[in-house]
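Have a look at the structure below before the remarks.
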Amino acid sequence: MTVLPDDGLSLAAEFPDATHEQWQRLVEGVLRKSGKDVTGEAAEDALSTALEDGLRTRPLYTSSTGTADGRGAGLDGFPGFAPFLRAGKAEGNAAGGWDVRQRLVGPDAERVNEAALGDLENGVTSLWLTVGEAGIPVSGMARALDGVYLDLAPVALDAGAEFAEAAAELLRLYGERGIAPAAAHGSLGADPLGHEARTGRALDLDAAVALARCTADGWPHLRALTVDALPYHEAGGSAAQELGLALATGVAYLRALTDGDDGLSVEAALGQLEFRYAATADQFLTIAKLRAARRLWARVAEACGAPAAGAQRQHAVTSPVMMTRRDPWVNMLRTTVACMAAGVGGADAVTVLPFDHELGLPDAFARRIARNTSTILLEESHLARVIDPAGGSWYVEQLTDELAHAAWEFFRTVEKEGGLPATLRSGLVADRLAATWAARSAKLATRREPITGVSEFPLLSEKPVERAPAPAPLSGGLPRVRRDEAYEALRARSDAHLAATGSRPKIFLAALGSAAAHTARATFTANLFQAGGIEPVHEPVSVDAATAGEAFAASGATMAVLCSSDTLYEEQAEGVAAALRAAGAQVLFLAGRPGTAAPAVDEYVFAGCDAVAVLTSVLDRMGVAR
């Protein structure tokens, strides 16, 4: 047996350790070559990326990188012990992986039952059942759950305003099928404040409190209340806002549950709550969010005098906001990353929304892909075999810390203004979320936050994916936003134009010079205009002043874009522009930044321009109906 020496890796022993200052000097040299003369910390700042909530991702993290409270980045506590940063249970998800929870939605109880049985036979371990005006009627629950072994498959209800009736029906089914209270697991899903956020309609909190007290008395493994943060995420909220509002909701429920002489103990009240968060394709932010959420809730439990009962039960759902309607197949990649991040972040239950979620009722193939996402990550990638695999990463630890502090500050703001019910009704929550979404919308419009298949690499010839319509989601309160909504509106205008006229709006790409000179900008321009449903026409491959007019006239377009290098613009742009004007071009664009030598053009398109504004203006000028 070979014994390694105690002094570390002998192969590296002869090399001196590199210092932070040496690394900074190398960065300074690289930046100097690109025209930025900065030194020291400013050099690192130049490579940092701004996130929402005032956070920044730095290019380098070390053990001495400071956290918000002045400590160095590092592990905090042990899995299963306060502050539960690393896991809510000592074994994390290593005992059997996370709970694979499939969402069931649809008005037909028989079809929901068919989907439920198929899911449970193929790897799903619990069901998330939508009941009420957005799903099956309460009277259809028995049929929907027919053949489901309720002692083996936990059920999480999502019944909106009908939570009391749905809970009563589920408890009746437990009794009817001989399920002992100790064998029943899951969530009854009462969430009056979440329902108010969704619909603008207030519900009686007393009914939810009564349900929780009944559950605490006789159903040891059922949780009566759900703190659903998805309404805030779907309204455009940031990670810190989502966490802060979840905290405010949880605290409001704790106050109600423990109020009065017959109130629950703090420990019992904490045991009645399950938290639901969005998992996005930003993997590190999702990991940090779930870890920060547990730490924040542990702080609330500590302040309430029950630190040992502060383990937060988490249900992570892949983000509806990130799902696209065009090229929906890319959603499989988004949900895979989000599911991985949720599992690594320590979520107890994970729901992967089917890739066709935004198009209507998912088909059998989409449901199979959704449940298999977790199966592959658990059974082939073995993600659950390590407890808190991101723990100890200086980047993840600092991001978790900074996000927790930002969320706590937003939570304090909500509490100072009277708590969540008051701030929902005053408009403070809506205003804060709207401001965050407006800033993010600007990034989406300029494609600084790209959307593959929508704002980047769209395919106009793609056949639409059609699904049966799903029940209309609850509405009337906070808005529901989607990353693709601005581009979807543009594409819808193009589709209507195609249906009405037999062709899409067109724009002519006037490529100048050799392929080496024009390919980069022609490709950029084609992608840009296709994102708005505008078909680029670029035959022949290259034009000059003598051929541009004839090629343009044959294209059927009314506008043109010059695409080439700056050098060729200097030599040919004016002559080609004149030929295009003579052939009837109403508007001329140039692919390049304003100031590029081309006095004969009207507008410019370039990386970082407001693509939505440009495309909207072009469709308007072409007479494409809104």
Just give me the residues in the range 610-626 being part of a loop (DSSP other than H, G, I, E, B) and open to solvent by 30 Å² or more (accessible area, probe 1.4 Å), in sequence order. 610, 622, 623, 625, 626
Inspect all residues belonging to the range 275-289 and state whether any of them is buried (at least 21 other Cβ atoms within 10 Å of the Cβ), among the charged types (D, E, K, R) and within 27 Å of residue 234 (Cα to Cα). yes
For the range 477-589, which fully contained helices (runs of 4 or more DSSP H) count at least 1 residues that are touching a strand residue (DSSP E or B) at 6+ places or on another chain (Cβ under 8 Å)? 515-530, 548-555, 566-582
Which one of these is in contact (Cβ under 8 Å) with a residue 24 or more places away in the chain, of a type in the set (A, V, I, L, M, F, W, C), more than 22 Å from residue 353 (Cβ to Cβ) and part of a helix (DSSP H, G or I): 166, 142, 197, 202? 142
Scan 456, 485 and give me the residue that is modelled with pLDDT of 95 or more, open to solvent by 30 Å² or more (accessible area, probe 1.4 Å), more than 15 Å from residue 607 (Cα to Cα) and of a type in the set (Asp, Glu). 485
Can you tell me which residue within the range 75-123, out of those that are basic (Lys, Arg) and closer than 20 Å to residue 186 by Cα, is modelled with the lowest pLDDT? 89
Quick count over the range 446-477, residues being of a type outside the set (Ser, Thr, Tyr) and more than 27 Å from residue 611 (Cβ to Cβ), is 11
Subset of the range 245-274 (residues that are surrounded by 24 or more Cβ atoms within 10 Å (Cβ to Cβ) and part of a loop (DSSP other than H, G, I, E, B)): 272
Across (1) without any contact (Cβ under 8 Å) to a residue 24 or more places away in the chain; (2) touching a Pro at 6+ places or on another chain (Cβ under 7 Å), residue 450 clears everything bar (2)
Cβ pairs under 7 Å, 6+ apart, first in the range 239-259 and over 12 Å from residue 275 (Cβ atoms), second open to solvent by less than 10 Å² (accessible area, probe 1.4 Å) and of a type in the set (Ser, Thr, Tyr): 241/232
Going through 596, 523 one at a time, which residue ends up being among the hydroxyl-bearing types (Ser, Thr, Tyr), out of contact with any Pro (no Cβ under 6 Å at 6 or more places or on another chain) and modelled with pLDDT of 90 or more? 523
Do any residues in the range 331-350 that are touching a residue at least 24 places away in the same chain (Cβ under 8 Å) have Cβ atoms under 7 Å from those of residues that are among the acidic types (Asp, Glu), where the two are at least six apart or on different chains, and which pairs are they? 346/388; 348/99; 349/99
(1) open to solvent by less than 40 Å² (accessible area, probe 1.4 Å); (2) over 23 Å from residue 396 (Cβ atoms): which one isn't true of residue 39, the others all being true? (1)
Does residue 544 count as open to solvent by 70 Å² or more (accessible area, probe 1.4 Å) and farther than 27 Å from residue 449 by Cβ? no
Just wondering, is there one or more residues in the range 550-561 that are open to solvent by less than 10 Å² (accessible area, probe 1.4 Å), modelled with pLDDT of 95 or more, in contact with a Lys or Arg (Cβ under 8 Å, 6 or more places away or on another chain) and over 20 Å from residue 518 (Cβ atoms)? no
Restricting to the range 149-163, give me the number of residues that are in a helix (DSSP H, G or I) and either among the aromatic types (Phe, Trp, Tyr) or in contact with a His (Cβ under 8 Å, 6 or more places away or on another chain) (or both). 3
Are there any pairs with C-beta distances below 6 angstrom linking a residue in the range 411-422 that is over 14 Å from residue 255 (Cβ atoms) to a residue that is of a type in the set (Val, Ile, Thr), with the two at least 6 apart or on different chains, and if so which? 417/423
I want to confirm something. Restricting to the range 337-350 and keeping residues that are over 12 Å from the mean Cα position of the chain (by Cα) and either hydroxyl-bearing (Ser, Thr, Tyr) or in a helix (DSSP H, G or I) (or both), which single residue is nearest to residue 81 (Cα to Cα)? 345
Does residue 300 meet the test of being out of contact with any Pro (no Cβ under 9 Å at 6 or more places or on another chain) and either under 25 Å from residue 401 (Cβ atoms) or part of a strand (DSSP E or B) (or both)? yes
Candidates 504, 521 - the one that is under 37 Å from the mean Cα position of the chain (by Cα) and either open to solvent by less than 60 Å² (accessible area, probe 1.4 Å) or within 21 Å of residue 461 (Cα to Cα) (or both): 504
Considering each of 165, 242 in turn, give the residue that is open to solvent by less than 20 Å² (accessible area, probe 1.4 Å) and of a type in the set (Asp, Glu). 242
Please state which of the following conditions residue 277 fails to meet, knowing it meets all the rest: (1) free of Cβ contacts under 8 Å to residues at least 60 places away in the same chain; (2) closer than 20 Å to residue 406 by Cα. (1)
Of the residues 356, 327, only one is open to solvent by less than 10 Å² (accessible area, probe 1.4 Å) and among the charged types (D, E, K, R); which? 356
Determine whether the range 215-224 contains at least one residue that is over 17 Å from residue 257 (Cβ atoms), more than 25 Å from the chain's Cα centre (by Cα) and aromatic (Phe, Trp, Tyr). no
Of a type in the set (A, V, I, L, M, F, W, C) and either within 26 Å of residue 339 (Cα to Cα) or within 30 Å of the chain's Cα centre (by Cα) (or both) - does that describe any residue in the range 170-181? no
Is it true that residue 376 is without any contact (Cβ under 8 Å) to a residue 60 or more places away in the chain, more than 23 Å from residue 452 (Cα to Cα) and open to solvent by 10 Å² or more (accessible area, probe 1.4 Å)? yes
Which condition number in (1) in a loop (DSSP other than H, G, I, E, B); (2) basic (Lys, Arg); (3) open to solvent by less than 10 Å² (accessible area, probe 1.4 Å) is the one that residue 294 fails? (1)
Among residues of the range 118-139, those that are farther than 24 Å from residue 160 by Cα, part of a helix (DSSP H, G or I) and open to solvent by 30 Å² or more (accessible area, probe 1.4 Å), counted: 2
Could you give me the residue pairs with C-beta distances under 9 Å whose first residue belongs to the range 571-592 and is in contact (Cβ under 8 Å) with a residue 60 or more places away in the chain, whose second residue is among the aromatic types (Phe, Trp, Tyr) and in a loop (DSSP other than H, G, I, E, B) wherever it lies, and which are 6+ apart or on separate chains? 591/606; 592/606
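The values are calculated or read from the model by the stated rules, or taken from the named source; none is laboratory data. Computed from a predicted model, the values in this text were never measured in an experiment. With ideal geometry, Cβ positions are generated from the backbone for all residues, glycine too; neighbour counts draw on all protein chains shown. The protein model used for the area step is the full one, side chains on, heavy atoms only, and it has no ligands, DNA or RNA in it. Shrake-Rupley method; radii C 1.70, N 1.55, O 1.52, S 1.80 Å.
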